[in-house]
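Report on the following structure.
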Amino acid sequence: MRRVYLDHSATTPVDPEVATIMMTYYTEKYGNPSSVHGFGRESKQALEQARNQVAELIGATPKEITFTSGGTEADNLAILGIAEALRKKGKHIITSCIEHHAVLETCEYLEKNGFDLTVIPVDEEGVLSIDDVRKALRPDTILISVMHANNEVGSIQPISEIGKLAKEQGIVFHVDAVQSLGKIPINVEEMKVDLMTVSGHKIYGPKGVGALYVRKGVRIVPLVHGGGQERKRRSGTENTPGIIGFGKACELAGQRMADDAKLQKKLRDKLMNGILERIEYVKVNGPLGEKRLPNNVNVSIRYVEGESLLLSLDMLGIAASSGSACTSGSLDPSHVLLGMGLIHEIAHGSLRFSLGRQNTEEDIDYVLEQLPKIVERLRMMSPLYDQVIHSKQLNKE
Ligand code: PLP
């Protein structure tokens, strides 16, 4: 059976070049980077090279990069670290309603512990407005945390405008760039960002490694205390092979970004238009064109359940993801789709396809061949769809 992986926003395979270099640091060059001997120095040198590679991809300096165990930890470190550092200055935090849970839950945790939280809405395309951010500002606002690109619908946020506003107001600005890294250009200077979260496994690097960019001069209180690694910002022996793999993945992403984006945009549009042409009652979620990540397709297919679609696709070897938060064991519709104004019933029938480097035209053809058949079969079992067909016939008569 053909296998088509279209869930690259969940995770990507590790690039073979990345895997090869990592293996060396597991089996041959395994020194602890804090050790003074040759083995240690060898690891330390490679660690610093990785720091350079990550910094370069986002326009930062290496000293501004703190390695973490992934995007979730970096989001926590940014938000909790600033809240703790600026507790005496103010207690108001601004975020958006489409953030990843790593940001939302962390902000909500702070809200339960004496901070005030304003959650900015988004429009029907999943994009927030700078005016809403401006309106939310208070004299005691200490942090604005907004993602660069959304993981479900691929909407790209006006980061530079928010950065400008935050800078004018002297407010720390954190950006979760886990989904945009390596897909669209990032420059922390131009975007006027103070803190930025990135992660390895979305860019053909390993899982369990990420980083937080911390602008020079911005103070954060660490979450993890111990041996004082990572300039005292994140104690614990560094995941050297993982970090080195992440660095290599950043280097490759920088080299391949333009070509990857070109190909993925073509496949994205082919898939999106193909679904719209072949299936009735479909809505595209998120913006079109340049305001959307090159690799994201998100559609709501009416009169079918997203989970049933996913299972049927999976049986045919196609991996996608749905608009329901099944991570929590529940099937609640996604907070992102609801935040964009979708009603529960439509949000439930949502599918996300996220493209990657290995995908081909043939992969898309296969999905376009199988998906309409699946939808037709599932709709045949839907009492709601039955009513729709019935009333259509009555209208004709
Ligand atoms: N932020 C966003 C936007 C994400 O999409 C993800 C992962 O899906 C994360 C944060 C968490 O990153 P990690 O899986 O590295 O903890």
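Please treat every number below as a calculation from the coordinates, not as lab data. Since we're looking at a predicted model, the values are computed, not measured. Here Cβ is always computed from backbone atoms with ideal geometry, including for glycine, and neighbour counts include all displayed protein chains.
What to note about this one:
- Extension gain, Glu362 to Met380, is 3.7 nm, computed as 0.36 nm per intervening residue step minus the present C-alpha separation.
- Comparing Cα centroids, the range 189-249 and the range 43-117 end up 9 angstrom apart.
- Relative contact order (%) - criterion: Cα under 8 Å, at least six apart; region: the chain: 21
- Taking a ≥ b ≥ c as the square roots of the eigenvalues of the Cα gyration tensor, an a/c ratio of 1.5 or more together with a/b no larger than b/c marks the chain as oblate.
- A helix-only calculation puts the chain at -14000 deg cm²/dmol for mean residue ellipticity at 222 nm, using -39500 (n - 2.57) for each DSSP H run of at least four residues, averaged over all residues.
- Spatially, the range 333-394 and the range 155-174 are offset by 35 Å when compared through their Cα centroids.
- Acute angle (nearest 10 degrees) that the helix 361-380 long axis makes with the longest principal axis of the chain, alpha-carbon atoms: 50
- Of the trypsin sites (Lys or Arg not before Pro) found in the range 176-278, the ones in coil according to DSSP and having at most 10 other Cβ atoms within 10 Å of their Cβ are Lys216.
- Rounded to 5, percent antiparallel among DSSP beta bridges of the range 169-296: 60
- Antiparallel bridge percentage (DSSP; both residues within the range 16-253; nearest 5): 35
- The range 16-253 shape via C-alpha gyration tensor axes, a/c threshold 1.5: prolate
- Full extension of the chain segment joining Gln255 with Lys270 gains 2.9 nm, where the gain is 0.36 nm per residue of separation less the Cα-Cα distance.
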